[in-house]
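> Below: one structure in structure tokens.
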Amino acid sequence: MKLITAIIRPFKLEAVREALAEAGVSGLTVTEVKGYGRQKGHTELYRGAEYVVDLLPKIKIEAVVADNHLETAMEAIRQSARTDKVGDGKIFVCDVGQVLRIRTGETGDDAL
Amino acid sequence: MSRIRCKTAALVGIAALLLAQVAHAQAVAPTPNKGDTAWMMMATALVLLMSVPALGLFYGGLVRTKNMLSVLMQVFVVFSLITVLWCVYGYSIAFTEGNAFFGGFSRLFLHGTFNPADGSFSLAATFSKGTPLFELVFVAFQATFAAITCCLILGSIVERVKFSALLIFVSIWFTFSYLPIAHMVWFFAGPDAYTDAAKTGAINATAGFIWQMGALDFAGGTVVHINAGIAGLIGAFLVGKRIGYGREVLKPHSLTMTMIGASLVWFGWFGFNAGSALEANGSAALAFINTYLATACAVLSWTFAEWILKGKPSMLGAASGAVAGLVAITPAAGNVGIPGAFAIGMLAGLICLWGVTGLKRIIKADDSLDVFGVHALGGISGALLTGIFNAPSLGGPGSVQDWVTMTMGYPGIATQLFIQAKAVGITIVWTAVVSLIAYKIADWLVGLRVTHEEEREGLDISSHGESAYDY
């Protein structure tokens, strides 16, 4: 099993959620986050004070998928989240040791 | 013949009766007009609204989340504290006869304003003959002015001032700066005192120092805005910069609150300025439209200038423009005509925009919410421009030159402008000296600033034990 962590543009959340659902990913966790990469920030002006805002608001999606679903899920996120401009985000993948569904006690792929 | 005589006798009788009634009417003191009374009580409530919540929200939106409640609390408590001090001794020192700088003590605890023995109320003068106001209404109206002026100052020192130090400072500053300047600028015996040209000089001599010079300040350009703006700047220097000033992001946490606050300030300012006519009359109408128009002009001039110079028209700019326009039109409100409102509003937006950008960089103080840049600079501009646009040739009403005959006139632009400049200068020096001493006393007693850790944590938690938002 793999944990997919995707950082995307906030307004792309709905499109990515739909694409993942179509790709068979049955659940995910969403967090509002801030950060920066190549996009960098913008400047804000309050009367005489100018502030460079480095940390931009992004959405972090986390979903755990079976190994054989990984490529489909990653491609679904990529196709739905891209605008081809700097700031589209990144996808990170890590191995997951175990998963357990709390209600039933199922483990592994059955718990996804 | 006898019938004619009868008729004549009857006519003489009626005439005698009429004369007696006229004499009787002259003997009875005039009573306050109910319309004036109703308007002035509403105007007073409007000034309360422009302080709490309006000024609190305007200021509060400009600080960081962790200091929101501290700003609201500072405004709320300072407003209440000054209201109490006003009724204890403030009103008496500002608005009773004394010398040219301080009034007397005859109205301590508002003594003598209401007589429970016969249910009678004392009367205060307005700007028309035979048109008094219940003195208690005047007391309340002027109380709100003193209270909001003290609240304006704290915008310079928010996010790091110690609450106890602020209360000590405003108590001293109110007593030795607000009260004498209000007395100097606004106290005079009232139009009914002037009955005989021969006594005019003696009656004038009972008035405040700046009033005697002939300075025009309709609703508080000197008394309120320059007074508070300079006190704020001195505070910014003495309290020092916020931690991280110039390095960290110290941006407003809610310009939505600031917009709501600025809008309510605009609304309440109708009471402040039009109420300063003390009657529901033409002078109030002029102050009302000028307050409305000049503010709109300043919103536009600030917004477009910012758009051209900085690239984007900002909400904070529009809200700041409104306050700049309101400040500048305050001394002018009933003292200029419509051309004056256009000019003062347009200029105020541009001058105060420079005040919070270019001038602020020169001064190098952390005047956090730009009390100096907006209130002192706007107040000075307004006070000087009042002297110019008061001219009848520029659409202004002029001012009363002879209180016996109530003759209006205008001494000439150069003369009036010089008088205005002297009034501005005296106010700046007076408030600067008192502020310096008052901050030093507060510093010596309790210390002006919270600790480094408390400032980092935020004053909401460290000074007041609560937090503004829980979501």
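Any read-out appearing in this document is the output of simple, stated calculations on the displayed coordinates, not a laboratory observation. Not measured: the values here are computed from a predicted model. No Cβ is skipped: glycine too gets one built from the backbone with ideal geometry, and neighbour counts run over all protein chains shown.
> Can you pull out the trypsin sites (Lys or Arg not before Pro) in the stretch A:6-63 whose DSSP state is coil and whose Cβ has at most 14 other Cβ atoms within 10 Å? Mind dumping the intermediate values first?
Working: sites: A:12, A:17, A:34, A:38, A:40, A:47, A:58, A:60; in loops: A:38, A:40, A:47.
Sparse-neighbourhood loop trypsin sites (Lys or Arg not before Pro): A:38, A:40.
> Applying a 10 Å radius around every beta-carbon, put B:403-411, A:3-11 in order of their mean neighbour count, most first.
Working: B:403-411: 14.2, A:3-11: 17.6.
Listed from highest to lowest mean packing, they are A:3-11, B:403-411.
> Can you compute the helix-only [θ] at 222 nm over the protein assembly as shown? Use -39500 (n - 2.57) per DSSP H run of at least 4 residues, normalise by all residues, nearest 500 deg cm²/dmol.
-16500 deg cm²/dmol
> What's the longest uninterrupted piece of chain B once you rule out the trypsin sites (Lys or Arg not before Pro) that are loop residues per DSSP with at most 13 other Cβ within 10 Å? Don't skip to the answer; put the middle values down first.
Numbers: sites that count: B:247, B:364.
Between exposed loop sites, the widest span is B:1-246.
> Within 10 Å, count the other beta carbons around each residue, average over each peptide in B:325-335, B:381-391, B:86-96, and list them highest first. Working shown, then result.
Values: B:325-335: 32.9, B:381-391: 25.9, B:86-96: 21.9.
For the peptides B:325-335, B:381-391, B:86-96, the packing ranking is B:325-335, B:381-391, B:86-96.
> Scan chain B and report its longest stretch carrying no GluC sites (Glu not before Pro) that are both in a DSSP loop and have at most 14 other Cβ atoms within 10 Å.
Working: sites that count: B:97, B:248, B:466.
So the longest stretch without any such site is B:249-465.
> Take the alpha-carbon centre of the stretch B:353-405, take the same for the stretch B:228-270, and report the distance between them in whole Å.
That distance is 19 Å.
> Return the average number of partner chain Cβ atoms within 10 angstrom of each residue Cβ along peptide A:34-47. The partial results should precede the final answer.
Details: counts 0, 0, 0, 0, 0, 0, 0, 0, 0, 1, 5, 9, 11, 18.
The mean count of partner-chain Cβ atoms within 10 Å per residue comes to 3.
> Hey, got a sec? Which chymotrypsin sites (Phe, Trp or Tyr not before Pro) in the stretch B:212-266 land in a DSSP loop and have at most 15 other Cβ atoms within 10 Å? Walk me through the numbers before you get to the answer.
Working: sites: B:218, B:237, B:245, B:266; in loops: B:218, B:245.
Sites meeting the loop and neighbour criteria: B:245.
> Sticking with this one: Aspartates and glutamates near residue B:129 by alpha-carbon distance under 16 Å, same-chain residues fewer than 8 away left out - which ones?
B:36, B:192, B:196, B:279, B:402
> Let me ask you something else. Please report the antiparallel percentage of DSSP beta bridges with both residues in the stretch A:2-111, rounded to the nearest 5. Let's see the in-between values first.
Working: 26 of 26 bridges.
Close to 100 percent.
> Here's a follow-up. Averaging over all projection directions, find the projected area of the Cα convex hull of the protein assembly as shown and quote it in nm² with one decimal place. Don't skip to the answer; put the middle values down first.
Values: hull surface 164.3 nm².
So the mean shadow area of the Cα hull is 41.1 nm².
> Now for a separate question. Apply the Karplus parameterisation 6.51 cos²θ - 1.76 cosθ + 1.60, with θ equal to phi minus 60°, to every residue of the stretch B:137-147 and state each ³J(HN,Hα) to the nearest whole Hz, in sequence, with x for glycine and proline.
5, 5, 4, 5, 4, 6, 4, 5, 5, 4, 5
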